[in-house]
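Taking it in order: structure first as structure tokens, then the write-up.
The values are calculated or read from the model by the stated rules, or taken from the named source; none is laboratory data. Bear in mind the structure is a predicted one, so any value in this text is a computation, not a measurement. Don't worry about glycine lacking a Cβ; one is built from the backbone with ideal geometry, like all the others, and counts go over all protein chains shown.
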Amino acid sequence: MSLVTGRSHRVAWIADLTGDSQVSTLKSRAEVLAADTWDLMLIFPDDTAWEAEFSELASRFEEINAFKGTLAKGAGDLAKALEFESSLDRSIERLNQYSSLRLSEDSSNDDALDREGRLSSLCAKISETSSWIAPEIQEIPDAMLEQFLADPLLADWQISLQNLRRLKPHILSNKEERLISLSMPALGGHHETFSQLTNVDMTFGTVNDDRGQEIELTQSSFSSLLQRPDHTVRKEAFEKFYTEFTAHRYTLASSLASSIKGDVFLAKARHYPSARAASLFADNVPIAVYDSLVEAVRSRLPILHKYYGLRQQLFNLPDLHVYDTYAPLVSAVQSDVSFDQAIDMVMKSLHPLGSEYTATLSRGLREERWCDRYENKGKRSGAFSYGTYQGPPYILMNYKQDVFSDIYTLAHEAGHSMHTWYSRQTQSFQNYHYPIFLAEVASTFNEILLTEHLLSETKERSMRAYLINRQIDDLRGTLFRQTMFAEFEKIAHTAEESGAALTLETFRRMYRSLLDTYFGNGVVIDEELELECLRIPHFYSAFYVYKYATGISAAITLAEQVLNTGNTERYFGFLKSGGSKFPIETLAEAGVDMSSPEPVKAALALFECRVTELEELLMEPIGSAATRLPAGTN
């Protein structure tokens with residue numbers, strides 16, 4: 001990790017992964033048409049060129065030590081060291097993008113695996129070798145650093161250096177920092193325990209679906225099975241899934257407790273008032289933003305409960321269980337949309353953003369081959385956008401023309417890619433990388449515009465109901481559910497900080513209270529669901545989930561501004577800002593005040609509006625009693 005630029009040497013900075021495993025009838029990578037793949041020659045012309053740059057990086061990175069002890073001599077000396085470190089980071093970023101994307105094409109490719117392994121090893125050595133830079137900068141006296149920052153030689157480094165300087169009260173002595181560094185594998189051991197237990201050791205059996213087909217129940221298929229139209233399939237999947245979690249509940253509770261204890265220990269060791277404050281410090285997000293989100297969402301829970309009541313009525317169930325709340329109210333629309341047609345649809349929906357945006361994106365998707373379009377054997381599942389400062393903002397898809405939701409996936413990932421494109425056009429290398437707090441705003445913004453465009457294009461009731469139901473469930477999962485998760489993280493960490501025991505029963509009690517509140521009296525909360533808090537991977541990276549809720553709220557406010565006024569200046573200011581400012585400031589300049597509850601209230605208002613629209617569409621007779629209920633209901 002480069003502490004000055006805040007960049008990770010080994011992590012693709014946008015990854016929205018979804019989807020199921022590959023099937024055996026797919027083409028091999030060699031059989032895929034070149035026109036349907038991304039053009040990685042825009043990074044390196046071939047593997048040989050990658051090897052040449054890798055060798056050069058390996059031969060020169062230790063030269064960074066020549067700058068040791070010189071950073072306080074003057075602005076020029078500091079600038080030279082930072083520029084050299086930046087040159088290493090740029091090389092690493094190029095090498096990493098190419099090797100990661102090659103491996104994504106086919107995870108069984110031995111050459112790609114070898115490149116990944118060698119680069120990972122080299123990056124670890126570089127991080128260790130350059131670890132002295134941040135501490136040496138922190139030791140520069142305040143008055144001297146202020147003088148340095150006034151020098152034009154450091155003009156491009158002011159933001160990075162000021163952000164690093166903010167950490168000074170939380171940086172310990174060299175000996176203490178070494179002890180914390182040595183303790184990190186032990187403090188993070190629960191991550192590996194949780195991953196191995198839930199992804200390797202646990203087996204969930206099989207479930208017979210509504211077609212009589214035996215489906216292996218896994219972490220991935222569980223979500224799919226909960227969306228099946230048959231209540232008995234959903235019930236069987238839920239019960240079998242949680243039977244396995246029940247068998248391991250004490251181990252999981254111990255693992256989660258260890259994670260929380262580790263968060264609290266590190267926050268105390270670094271002199272933060274709480275683990276939550278430590279997590280929010282990096283983005284300079286006030287605690288009030290977090291609390292305001294929870295308060296605003298709680299105030300509108302009755303409309304969520306109304307939606308669950310509508311679900312029970314339409315599904316014609318005597319009782320609505322939580323596992324009944326994921327199945328779509330409207331069957332997925334039949335789709336036969338080619339990838340090029342999907343591009344056309346997305347471009348039309350993004351018309352409000354102007355010709356530069358749409359022409360750049362269209363050219364990237366068509367002529368410059370930013371996107372790897374279809375599945376092949378060994379290809380990584382789901383979808384993601386991976387953009388860097390020097391290479392194109394590539395998109396991995398597994399597009400199926402008979403899956404309508406894949407059009408939304410394309411719009412979503414295109415939002416990430418164009419965010420990267422505008423950021424790097426405007427910002428320096430060290431400032432172009434936008435934080436996670438902002439990452440989902442541009443992608444969700446595109447999905448909102450696509451929904452509005454499609455609704456404006458169709459009067460057909462079932463299609464409108466599908467689109468509205470889709471947006472409702474997106475809001476429910478992103479705004480309400482992630483806020484409930486954020487509440488749990490706050491409650492659990494506060495309990496540890498106050499000296500309470502974090503036991504299985506403590507977790508169950510905390511989580512049950514939230515389930516009762518968020519689902520209301522109209523939904524049956526099965527006792528097994530109290531264990532859900534033990535299976536959420538995000539809880540092992542605490543105080544992250546609230547960003548999903550704030551992100552979709554900001555996106556809705558920005559989309560309303562563009563659609564209602566036609567003025568895109570502020571939105572493009574947001575896209576171009578990168579990491580040049582803290583996220584709250586960036587959004588404020590775009591017209592979204594996340595320090596107030598108004599953006600969250602706007603998202604909640606949209607949810608209420610859509611629930612009312614859906615109720616009118618689905619409850620109103622369409623010519624016969626049989627058509628009052630959506631296809632596939634119970």
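Could you tell me whether the range 570-579 includes any residue that is over 21 Å from residue 442 (Cβ atoms) and buried (at least 18 other Cβ atoms within 10 Å of the Cβ)? Checked the range 570-579: no residue is over 21 Å from residue 442 (Cβ atoms) and buried (at least 18 other Cβ atoms within 10 Å of the Cβ).
Residues of the range 400-427 that are part of a loop (DSSP other than H, G, I, E, B) and at pLDDT 95 or above: 427 alone. Suppose the filter is crowded, with 16+ Cβ neighbours inside 10 Å, part of a helix (DSSP H, G or I), within 25 Å of the chain's Cα centre (by Cα) and at pLDDT 90 or above; does residue 159 pass it? For residue 159, the condition - crowded, with 16+ Cβ neighbours inside 10 Å, part of a helix (DSSP H, G or I), within 25 Å of the chain's Cα centre (by Cα) and at pLDDT 90 or above - is met. In the range 177-197, the qualifying residues are those that are aliphatic (A, V, I, L, M) and exposed (fewer than 14 other Cβ atoms within 10 Å of the Cβ), and the one that is modelled with the lowest pLDDT is 182.
In this structure, is residue 487 out of contact with any Lys or Arg (no Cβ under 7 Å at 6 or more places or on another chain), surrounded by 17 or more Cβ atoms within 10 Å (Cβ to Cβ) and part of a helix (DSSP H, G or I)? Spelling it out, residue 487 is indeed out of contact with any Lys or Arg (no Cβ under 7 Å at 6 or more places or on another chain), surrounded by 17 or more Cβ atoms within 10 Å (Cβ to Cβ) and part of a helix (DSSP H, G or I). Scanning the range 456-477 for residues that are in a helix (DSSP H, G or I) and of a type in the set (Asp, Glu), we see that the one that is farthest from residue 563 (Cα to Cα) is 473. Pairs linking a residue in the range 286-300 that is over 14 Å from residue 480 (Cα atoms) to a residue that is surrounded by 20 or more Cβ atoms within 10 Å (Cβ to Cβ) and of a type in the set (Lys, Arg), with Cβ atoms under 7 Å and 6 or more positions apart or on different chains, are 287/276. Condition (residue is in contact (Cβ under 8 Å) with a residue 12 or more places away in the chain and not in a helix (DSSP H, G or I)) applied to the range 73-95: is it met by at least one residue? Among the residues of the range 73-95, at least one is in contact (Cβ under 8 Å) with a residue 12 or more places away in the chain and not in a helix (DSSP H, G or I), which makes the answer yes.
What residue, of 146, 177, is under 23 Å from residue 281 (Cα atoms), in contact (Cβ under 8 Å) with a residue 24 or more places away in the chain, among the charged types (D, E, K, R) and not in a loop (DSSP other than H, G, I, E, B)? Talk me through it step by step, then tell me what you get.
Values: 146 fails: in contact (Cβ under 8 Å) with a residue 24 or more places away in the chain.
The conditions single out 177.
Going by the structure shown, is residue 127 at pLDDT below 90, surrounded by 15 or more Cβ atoms within 10 Å (Cβ to Cβ) and in a helix (DSSP H, G or I)? Considered against the rule, which asks whether it is at pLDDT below 90, surrounded by 15 or more Cβ atoms within 10 Å (Cβ to Cβ) and in a helix (DSSP H, G or I), residue 127 comes out as yes.
The condition of being under 29 Å from residue 553 (Cβ atoms), in contact with a strand residue (DSSP E or B) (Cβ under 9 Å, 6 or more places away or on another chain) and buried (at least 19 other Cβ atoms within 10 Å of the Cβ) holds for only one of 290, 308, that being 308.
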